[in-house]
Amino acid sequence: MNRRDAIQQVALLLGTMISAPTMAGVLGQKTNLGESVLVSAEQEALLAEVADVIIPTTSTPGAKAAGVEKFIVRVMRDCYPKEDQEAFYTGLTKLNSESKSKFGKGFSELNGTQKIEMVKHTTSNDKPFFLRMKELTVTGYFTSEIGAKQALEYLPIPGRFEGCVPLKPGQKAWAL
């Protein structure tokens with residue numbers, strides 16, 4: 001193990017709320033060697049819509065523009081056991097069916113206010129699904145090129161190490 005890996009692992013142990021399977025996905029590992037749930041194009045599009053409510057487009061591109069849905073599908077397939085995958089995609093289906101029963105249309109067809117209302121409803125109605133969705137969305141976004149270069153302050157070739165540098169007012173946090 002080199003110094004960079006050791007520092008990264010210590011930082012992850014001390015300062016994050018990222019689950020082990022998600023972290024394995026970020027590092028490109030495959031920990032699920034068993035069966036996986038097949039994800040349809042409709043489910044992938046629905047993931048993109050929900051992720052875009054969690055991290056919408058503002059002055060920087062949102063989760064949908066960063067392709068977070070592809071990260072979520074890959075990490076769920078490669079790093080979570082089939083039971084967890086089934087529970088996650090059941091939560092996604094439940095969100096869509098609740099949208100249909102409440103508004104008469106699927107989640108993707110709702111306007112922005114209705115989507116936010118449904119996601120807020122999910123935070124209390126299906127908290128395990130929402131927490132996993134939020135974790136995967138945020139992790140996928142900030143490890144994407146768009147998240148690292150446009151939403152965070154990015155320095156491709158850092159200079160010397162300065163342990164304590166004050167941020168200027170309005171400056172973005174640094175990308176790792």
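Any residue at all in the range 149-160 that's within 21 Å of residue 21 (Cα to Cα), hydrophobic (A, V, I, L, M, F, W, C), at pLDDT below 90 and out of contact with any Phe, Trp or Tyr (no Cβ under 9 Å at 6 or more places or on another chain)? Looking for residues that are within 21 Å of residue 21 (Cα to Cα), hydrophobic (A, V, I, L, M, F, W, C), at pLDDT below 90 and out of contact with any Phe, Trp or Tyr (no Cβ under 9 Å at 6 or more places or on another chain), one finds none in the range 149-160, hence no.
Checked across the range 27-44, the condition of being within 26 Å of residue 150 (Cβ to Cβ), of a type outside the set (D, E, K, R) and either touching a Pro at 6+ places or on another chain (Cβ under 7 Å) or at pLDDT below 85 (or both) holds for at least one residue. Assessment of the range 139-149 against the conditions (within 30 Å of residue 103 (Cα to Cα), open to solvent by less than 60 Å² (accessible area, probe 1.4 Å) and in a helix (DSSP H, G or I)) yields at least one matching residue. On the stretch given as the range 150-176, residues that are among the aromatic types (Phe, Trp, Tyr) and exposed (fewer than 13 other Cβ atoms within 10 Å of the Cβ) total 1.
Does the range 92-102 include one or more residues that are touching a Lys or Arg at 6+ places or on another chain (Cβ under 8 Å) and at pLDDT 95 or above? Looking for residues that are touching a Lys or Arg at 6+ places or on another chain (Cβ under 8 Å) and at pLDDT 95 or above, one finds at least one in the range 92-102, hence yes.
The values are calculated or read from the model by the stated rules, or taken from the named source; none is laboratory data. Model, not experiment: these values are computed from the prediction. Every residue, glycine among them, receives a Cβ derived from its backbone with ideal geometry; neighbour counts consider all protein chains shown. To get the accessible areas, we keep the full protein, side chains included, count just its heavy atoms, and leave off ligands, DNA and RNA. Shrake-Rupley method; radii C 1.70, N 1.55, O 1.52, S 1.80 Å.
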